[in-house]
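Engineer: Mind looking over this structure? Questions follow.
The values are calculated or read from the model by the stated rules, or taken from the named source; none is laboratory data. Remember, it's a predicted structure, so these values are computed and weren't measured experimentally. When we count neighbours, we look across all protein chains shown, and the Cβ atoms used for this are built from the backbone with ideal geometry, even at glycine.
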Amino acid sequence: MTIFKIIIASFCIIYSISMKAQTIIPLYKGEIPNSIVIANREKSVTDVAGIERISKVSIPTLTLYEIKNKTSKTAAVIICPGGGYGILAASHEGSDVAEEFNRMGITAFVLKYRLPDDSTMVDKSIGPLQDAQRAIQLVRENAEQFGIDQSRIGIMGFSAGGHLAASASTRFKEPLINNERNISLRPDFSVLIYPVISFMDELTHRGSRQNLLGKGSSLESQQKFSNELQVNADTPPAFLVHASDDSAVPVANSMIYHEALLNKKIYSQLLIYPKGGHGFGMNNKTTEDKFMVGLEQWLHSIGILYK
């Protein structure tokens, strides 16, 4: 290869990286609450299918996906990747989804939340929810800077990330972070994709429950972290997607949350695919239906997106 070709190739690589670069925002200024300071052991691995998985997260961040050249304030969504509270599926349940929201005209943030670990947290059961609450707080208190309408900020989660998003949607009156300015921690909408909702024996994904609560968790703690039991009159509307043949997280998780919302007269929509299993991200390969299209229509219907 000639020197000229090497220079051109190098420029193309740099250009590609810069085009994909996003703004990474530390979730906390200074000390991370409920944290035990140890060496950072975070690790990222991308498989042959291009799926990135991040493990050992102890330093949480938000990655901002901005809409370029916007002329008015936009809605925003905070995306929580899944992974059983053991890893984060950061691409097909994170960055890829953020880019799709940008195409809708919604500013997106991917939350890299702390993964429960007794060696990095005083109480690992609340660490992820602290990070979700802080993400909502940070986006809302900086809405002007981000060009965001602070009354149109939602949260989305996949699998265990869905449990986290549902927890943020039901337990916002229980602040687990410093909130001296009394900024609302309530999401304005939630999007829950094959979510872990319940921690009760007959419904739960046991790996998620064990990773968050530890082995031998009490009935009381299982009930507290079962979101179908925490729905209240102020819980935000939800859009839920699940496959009936999901062998990892039973479809009854989405059904029971949807029913709890309806019982409180909270607007919600539940889409159940006959097939698709678990972990399909935005693209269920068993059908031509794209739930993100339905989601966009639903966001119009609740006033989050304007026509």
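Engineer: Under 19 Å from A143 (Cβ atoms), polar (S, T, N, Q) and either surrounded by 18 or more Cβ atoms within 10 Å (Cβ to Cβ) or touching a His at 6+ places or on another chain (Cβ under 8 Å) (or both), is that true of T71? Break it down into steps so the answer makes sense when it comes.
Structural biologist: Numbers: under 19 Å from A143 (Cβ atoms): yes; polar (S, T, N, Q): yes; either surrounded by 18 or more Cβ atoms within 10 Å (Cβ to Cβ) or touching a His at 6+ places or on another chain (Cβ under 8 Å) (or both): no.
In short, no.
Engineer: Which of the numbered conditions does Y267 fail, given that it passes all the others? Conditions: (1) crowded, with 17+ Cβ neighbours inside 10 Å; (2) touching a helix residue (DSSP H, G or I) at 6+ places or on another chain (Cβ under 9 Å).
Structural biologist: (1)
Engineer: Which condition number in (1) assigned to a loop (DSSP other than H, G, I, E, B); (2) crowded, with 20+ Cβ neighbours inside 10 Å is the one that G157 fails?
Structural biologist: Of the numbered conditions (1) assigned to a loop (DSSP other than H, G, I, E, B); (2) crowded, with 20+ Cβ neighbours inside 10 Å, the odd one out for G157 is (1).
Engineer: Within the stretch 36-67, how many residues turn out to be on the phi < 0 side of the Ramachandran plot, out of contact with any helix residue (DSSP H, G or I) (no Cβ under 8 Å at 6 or more places or on another chain) and not acidic (D, E)?
Structural biologist: Of the residues in that region, 18 qualify.
Engineer: Answer yes if at least one residue in the stretch 64-87 is in contact (Cβ under 8 Å) with a residue 24 or more places away in the chain and in a helix (DSSP H, G or I), and no otherwise.
Structural biologist: no
Engineer: Test A260 against the stated conditions and say whether it is crowded, with 21+ Cβ neighbours inside 10 Å, under 27 Å from H300 (Cα atoms) and more than 19 Å from the chain's Cα centre (by Cα).
Structural biologist: On the way: crowded, with 21+ Cβ neighbours inside 10 Å: yes; under 27 Å from H300 (Cα atoms): yes; more than 19 Å from the chain's Cα centre (by Cα): yes.
Spelling it out, A260 is indeed crowded, with 21+ Cβ neighbours inside 10 Å, under 27 Å from H300 (Cα atoms) and more than 19 Å from the chain's Cα centre (by Cα).
Engineer: Of all residues in the stretch 174-204, which are on the phi > 0 side of the Ramachandran plot and in contact with a helix residue (DSSP H, G or I) (Cβ under 8 Å, 6 or more places away or on another chain)?
Structural biologist: First, pick out the residues of the stretch 174-204 that are on the phi > 0 side of the Ramachandran plot: 182, 194.
The one that is on the phi > 0 side of the Ramachandran plot and in contact with a helix residue (DSSP H, G or I) (Cβ under 8 Å, 6 or more places away or on another chain): Y194.
Engineer: Could you figure out which of (1) assigned to a helix (DSSP H, G or I); (2) within 16 Å of the chain's Cα centre (by Cα) isn't true of L192?
Structural biologist: Of everything listed in (1) assigned to a helix (DSSP H, G or I); (2) within 16 Å of the chain's Cα centre (by Cα), L192 misses just condition (1).
Engineer: Follow-up. So if I check each of E296, E220, E228, which one is assigned to a helix (DSSP H, G or I), within 20 Å of F172 (Cα to Cα) and within 21 Å of the chain's Cα centre (by Cα)? Lay out the reasoning, then the answer.
Structural biologist: Working: E296 fails: within 20 Å of F172 (Cα to Cα); E220 fails: within 21 Å of the chain's Cα centre (by Cα).
Criteria check complete, one pass: E228.
Engineer: Do any residues in the stretch 177-203 that are over 17 Å from A135 (Cα atoms) have Cβ atoms under 6 Å from those of residues that are of a type in the set (V, I, T) and part of a loop (DSSP other than H, G, I, E, B), where the two are at least six apart or on different chains, and which pairs are they?
Structural biologist: That search, which allows pairs on different chains as well, returns Y194/V249; V196/V249; S198/T204.
Engineer: Can you find a residue in the stretch 104-125 that is aromatic (F, W, Y), assigned to a helix (DSSP H, G or I) and surrounded by 18 or more Cβ atoms within 10 Å (Cβ to Cβ)? Outline the logic, then answer.
Structural biologist: Keep residues of the stretch 104-125 that are aromatic (F, W, Y), which gives 109, 113.
If we keep only those that are assigned to a helix (DSSP H, G or I) as well, we get none.
Within the stretch 104-125 (the criterion being aromatic (F, W, Y), assigned to a helix (DSSP H, G or I) and surrounded by 18 or more Cβ atoms within 10 Å (Cβ to Cβ)), the answer is no, since none of the residues qualifies.
Rundown of residues vs (1) crowded, with 24+ Cβ neighbours inside 10 Å; (2) outside any strand (DSSP E or B); (3) at positive phi, yes/no style:
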residue: R140; (1), (2), (3): no, yes, no
residue: E144; (1), (2), (3): no, yes, no
residue: D149; (1), (2), (3): no, no, no
residue: L164; (1), (2), (3): yes, yes, no
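Engineer: Still on this model: Which condition number does Q222 fail, the rest of (1) surrounded by fewer than 18 Cβ atoms within 10 Å (Cβ to Cβ); (2) farther than 28 Å from R53 by Cα being met?
Structural biologist: Of (1) surrounded by fewer than 18 Cβ atoms within 10 Å (Cβ to Cβ); (2) farther than 28 Å from R53 by Cα, only one is false for Q222: (2).
Engineer: Across the stretch 201-212, which residue is surrounded by the fewest Cβ atoms within 10 Å (Cβ to Cβ) among those that are within 19 Å of the chain's Cα centre (by Cα) and in a helix (DSSP H, G or I)? Reasoning before the result, please.
Structural biologist: Going residue by residue through the stretch 201-212, those that are within 19 Å of the chain's Cα centre (by Cα) are 204-205, 207-209, 211-212.
In the following step, the residues that additionally are in a helix (DSSP H, G or I) were identified as 207-209, 211-212.
Values: G207: 16, S208: 26, R209: 25, N211: 21, L212: 27.
Filtering first and then ranking leaves G207.
Engineer: Any residue in the stretch 30-51 that's in contact (Cβ under 8 Å) with a residue 12 or more places away in the chain and loosely packed, with under 12 Cβ neighbours inside 10 Å: show its pairings with residues that are in a loop (DSSP other than H, G, I, E, B) and polar (S, T, N, Q) at Cβ separation under 7 Å, as long as the two are six or more apart or on different chains.
Structural biologist: I38/S119; I38/T120; N40/S58
Engineer: In a helix (DSSP H, G or I), at pLDDT 95 or above and touching a strand residue (DSSP E or B) at 6+ places or on another chain (Cβ under 7 Å), is that true of D131?
Structural biologist: In short, yes.
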